[in-house]
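Mind looking over this structure? Questions follow.
The values are calculated or read from the model by the stated rules, or taken from the named source; none is laboratory data. Note that the coordinates shown come from a computational prediction; the quantities given were computed from them, not determined experimentally. Don't worry about glycine lacking a Cβ; one is built from the backbone with ideal geometry, like all the others, and counts go over all protein chains shown.
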């Protein structure tokens with residue numbers, strides 16, 4: 001039976017060929033001998049017993065929408081449509097066509113495949129443009145603020161060197177909308193040109209202002225470099241503190257942590273308020289134990305409604321010849337605390353999201369977890385009612401965190417489970433892995449439709465252990481503790497080396513893409529809380545995360561020899577939440 005293990009953060013990174021991120025900024029070109037194709041998953045095809053050929057009418061609509069002579073060439077084993085592009089098409093046109101198909105009604109996800117893309121120097125500039133975009137100016141004219149005259153607008157536009165349109169009135173002046181967003185450098189130049197005109201009193205670019213930085217009263221918050229914003233924040237921070245000025249989350253959002261279970265009875269005091277109790281007696285929580293092997297589960301049975309972490313310690317040789325001894329990791333609780341430890345409660349640490357509910361789904365035990373249990377864990381978390389050995393999840397997750405993985409290409413069973421979750425509007429976040437290798441052969445990080453997350457150190461450089469590859473969407477703080485434990489991620493654990501101890505609830509430093517993924521899951525839950533109009537789906541969430549990601553530091557590995565292989569940049573919680581609010 002194939003075993004899938006928690007990522008081991010001890011392996012150093014290998015050198016890699018530079019390639020461009022698929023789906024971020026358009027790459028310059030595909031390798032000349034590689035055909036390009038798109039793989040498109042329709043919501044209607046999730047869970048079908050046999051793949052269905054593309055509807056000719058739908059294929060015609062895609063051809064009309066993209067302007068490309070697409071041809072259907074078959075299906076994946078999980079029912080997705082495979083579409084071939086004509087030879088000679090540019091990579092920019094491929095990406096544009098895939099984005100249009102992905103945005104079409106009824107499409108679950110659309111991704112490009114085929115060809116090794118080459119490096120593009122435009123990736124970081126694109127991320128900076130989105131983040132710093134200025135769209136409007138306040139202009140006061142010496143003639144006062146009377147009716148706008150078309151000739152005046154044309155004259156101002158000629159002076160500014162960019163199209164202008166009257167937007168709204170403001171006290172003593174007018175607001176003009178720019179024909180396109182500009183960055184700070186261009187905005188200053190427009191300001192200089194307008195204010196040099198004889199008829200202009202002043203011209204001010206409109207920037208957003210926010211409440212003063214939120215500082216929770218959790219005593220260990222000062223050690224959580226991955227959350228900090230503003231002066232003194234590390235380059236590798238996720239800028240979460242600033243996002244709290246916009247939203248701190250919502251109890252309507254459920255985040256499933258598909259992992260080793262959670263500390264419960266005994267329960268960590270920084271996690272108790274984030275769990276959902278299944279009855280008034282508060283003796284059970286919403287979650288499920290999907291571990292089938294009773295010996296490895298250590299609870300005396302197979303699947304059951306108690307997702308308690310029984311400890312994953314083992315002696316040498318317990319998991320097969322050559323396997324090493326290890327103490328219990330409390331991995332699932334560490335991940336859960338990173339997503340949403342109780343915040344501003346005067347105790348311990350802060351989580352990314354203050355209010356989202358945590359749904360523990362136990363799939364990992366003493367020797368890891370097998371693929372069947374993990375795939376079923378994804379199904380159950382998303383609300384599938386017929387998962388063997390379970391009762392339906394009463395609180396289907398909007399975010400599913402998978403801080404786990406192993407070698408191998410994405411299997412059909414994993415892709416089918418992920419497609420089901422996506423069809424239920426759940427965002428699936430996956431750790432890229434800790435072998436210092438390409439994600440092309442790392443399951444489930446190489447599956448379609450997911451958000452694969454690489455790991456950065458406090459300085460914003462890729463962690464030595466982190467995997468990388470074109471499948472990676474973004475990087476996030478996962479730490480690196482070689483020089484100091486404080487360079488890792490601090491979260492909720494237990495002091496016991498075997499079974500959980502009631503008096504052993506504490507906080508511990510860990511490193512890994514297993515820590516980076518829940519940072520992104522927490523950011524996604526903040527985005528969903530800000531989505532008051534209900535416009536977000538898994539694909540738009542991924543696109544916003546990539547478009548708002550902060551560029552990697554100049555000279556870092558992800559900006560040089562690994563450019564395009566670490567994702568679109570470092571996740572920026574504030575920019576992502578703000579982008580969601582702008583959609584409303």
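Condition check ((1) outside any loop (DSSP other than H, G, I, E, B); (2) out of contact with any helix residue (DSSP H, G or I) (no Cβ under 9 Å at 6 or more places or on another chain); (3) surrounded by 22 or more Cβ atoms within 10 Å (Cβ to Cβ)) across all residues:
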residue: 346; (1), (2), (3): no, yes, no
residue: 358; (1), (2), (3): yes, no, yes
residue: 375; (1), (2), (3): yes, no, yes
residue: 389; (1), (2), (3): no, no, no
residue: 394; (1), (2), (3): no, yes, no
residue: 434; (1), (2), (3): no, no, yes
residue: 446; (1), (2), (3): no, no, yes
residue: 449; (1), (2), (3): no, no, yes
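Among what's in the range 109-158 and is assigned to a strand (DSSP E or B) and within 23 Å of residue 549 (Cβ to Cβ), pick the residue that is modelled with the lowest pLDDT.
Per the stated criteria, the residue is 113.
Answer yes or no: is there a residue in the range 513-530 that is modelled with pLDDT of 95 or more, assigned to a loop (DSSP other than H, G, I, E, B) and crowded, with 19+ Cβ neighbours inside 10 Å.
No: zero hits.
Just give me the residues in the range 60-88 being free of Cβ contacts under 8 Å to residues at least 24 places away in the same chain and either part of a helix (DSSP H, G or I) or touching a helix residue (DSSP H, G or I) at 6+ places or on another chain (Cβ under 7 Å) (or both), in sequence order.
Once the filter is applied, which keeps residues that are free of Cβ contacts under 8 Å to residues at least 24 places away in the same chain and either part of a helix (DSSP H, G or I) or touching a helix residue (DSSP H, G or I) at 6+ places or on another chain (Cβ under 7 Å) (or both), the range 60-88 yields 60, 63, 64, 69, 72.
Taking the condition assigned by TED's automatic domain parsing to the domain that holds residue 411, in a helix (DSSP H, G or I) and over 27 Å from residue 250 (Cα atoms), does residue 312 pass?
Taking the combined requirement at face value, the residue does not satisfy it.
Can you tell me which residues in the range 264-292 are out of contact with any strand residue (DSSP E or B) (no Cβ under 7 Å at 6 or more places or on another chain), touching a residue at least 24 places away in the same chain (Cβ under 8 Å) and farther than 17 Å from residue 505 by Cβ?
Residue satisfying the conditions is 292 alone.
Residues 501, 482, 473: which one is modelled with pLDDT under 95 and either within 18 Å of residue 233 (Cα to Cα) or in the same structural domain as residue 439 (by TED's automatic domain parsing) (or both)?
Just one listed residue meets the conditions, 482.
Determine whether residue 29 is at pLDDT 85 or above and touching a helix residue (DSSP H, G or I) at 6+ places or on another chain (Cβ under 6 Å).
Taking the combined requirement at face value, the residue does not satisfy it.
May I pose another question? Only one of (1) without any contact (Cβ under 8 Å) to a residue 12 or more places away in the chain; (2) buried (at least 24 other Cβ atoms within 10 Å of the Cβ) fails for residue 555. Which number is that?
Condition not satisfied by residue 555: (2).
Here's a follow-up. If you check residue 238 against the conditions, is it part of a loop (DSSP other than H, G, I, E, B), at pLDDT 95 or above and under 19 Å from residue 515 (Cβ atoms)?
When the stated conditions are applied, residue 238 passes them.
Quick one: is residue 267 assigned by TED's automatic domain parsing to the domain that holds residue 507, assigned to a loop (DSSP other than H, G, I, E, B) and at pLDDT below 95?
no
Just wondering, is there one or more residues in the range 61-68 that are loosely packed, with under 15 Cβ neighbours inside 10 Å, at pLDDT 90 or above and within 30 Å of the chain's Cα centre (by Cα)?
No - not one qualifying residue is present in the range 61-68.
Follow-up question, since we're still on this one. Can you confirm whether residue 336 is out of contact with any strand residue (DSSP E or B) (no Cβ under 8 Å at 6 or more places or on another chain) and either more than 25 Å from residue 572 (Cα to Cα) or at pLDDT 95 or above (or both)?
Considered against the rule, which asks whether it is out of contact with any strand residue (DSSP E or B) (no Cβ under 8 Å at 6 or more places or on another chain) and either more than 25 Å from residue 572 (Cα to Cα) or at pLDDT 95 or above (or both), residue 336 comes out as no.
Then there's this: Condition check: in a loop (DSSP other than H, G, I, E, B) and within 16 Å of residue 329 (Cα to Cα). Does residue 498 satisfy that?
In short, yes.
Scan 236, 261 and give me the residue that is farther than 23 Å from residue 400 by Cα, surrounded by 22 or more Cβ atoms within 10 Å (Cβ to Cβ) and either outside the structural domain of residue 354 (by TED's automatic domain parsing) or touching a residue at least 12 places away in the same chain (Cβ under 8 Å) (or both).
236
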